[in-house]
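Colleague: Can you read through this structure? Questions will come right after.
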Amino acid sequence: MDEKRSLISELIALSKIDGYVSENESGLIKQMGNLIGLSDKEILDLFEHPAPFKAPAEHIERITQFHRMVLMANVDHKVENSEIEFLKFAGIKLGLNEQAINEVLNRMSDFPDNVIPPDELISIYKKHMN
């Protein structure tokens, strides 16, 4: 449960970076939170009381979490420099390869709505595995 609360807290922090949480952002947070088993009340509570960061144990889940954050950054169709910096730091906190993180962030504009398809995302990380 700590990992789930941590993920939603990270998404919330990312959504607040520009000083405004849009309806699209809050809707995506609610949808993702519900999908991973959090109640609406638990999600709302995380806006006021963020959970401490806890990276998933499995590497593939870390990639998935980073992908969710990339989705959040792109939900309003404009990615600010502050969001890119947040994503880079979040990827490093997740223990992901920095070159892979940079490639994902550089290549996302190559895809519709700046969203890299999951299979392409996995191939990027495979290429950069140590």
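Colleague: If I ask for residues that are surrounded by 12 or more Cβ atoms within 10 Å (Cβ to Cβ) and either in contact with a Pro (Cβ under 9 Å, 6 or more places away or on another chain) or among the hydrophobic types (A, V, I, L, M, F, W, C) (or both), which ones from the stretch 88-119 would you list?
Modeller: The answer is Ala90, Ile92, Leu94, Leu96, Ala100, Ile101, Val104, Leu105, Met108, Phe111, Val115, Ile116.
Colleague: Taking the condition of being within 9 Å of the chain's Cα centre (by Cα) and either farther than 17 Å from Ser9 by Cα or at pLDDT 95 or above (or both), how many residues in the stretch 67-103 meet it? Steps first, answer last, please.
Modeller: Narrowing the stretch 67-103 to residues within 9 Å of the chain's Cα centre (by Cα): 67-73, 87, 90-91.
Next, from what is left, pick out any that are either farther than 17 Å from Ser9 by Cα or at pLDDT 95 or above (or both): 87, 90-91.
So the count comes out to 3.
Colleague: What are the pairs, 6+ residues apart or on separate chains, where a residue within the stretch 1-26 that is over 25 Å from Glu58 (Cα atoms) and surrounded by fewer than 19 Cβ atoms within 10 Å (Cβ to Cβ) has its Cβ under 7 Å from a residue that is at pLDDT below 95 and of a type in the set (Val, Ile, Thr)?
Modeller: Asn24/Val75
Colleague: Further, regarding this structure: Given the conditions (1) surrounded by fewer than 16 Cβ atoms within 10 Å (Cβ to Cβ); (2) in contact (Cβ under 8 Å) with a residue 40 or more places away in the chain; (3) under 20 Å from Ile8 (Cα atoms), report the number of the one that Ile122 does not fulfil.
Modeller: (3)
Colleague: Within the stretch 38-61, track down each residue that is more than 20 Å from Phe86 (Cβ to Cβ) and at pLDDT 95 or above.
Modeller: Hits for the stretch 38-61 are Leu38, Ser39, Asp40, Lys41, Glu42, Leu44, Asp45.
The values are calculated or read from the model by the stated rules, or taken from the named source; none is laboratory data. Computed from a prediction, not measured in an experiment: that's the story for all the values here. Here the Cβ is made from the backbone with ideal geometry for all residues, glycine too, and neighbour counts use every protein chain on show.
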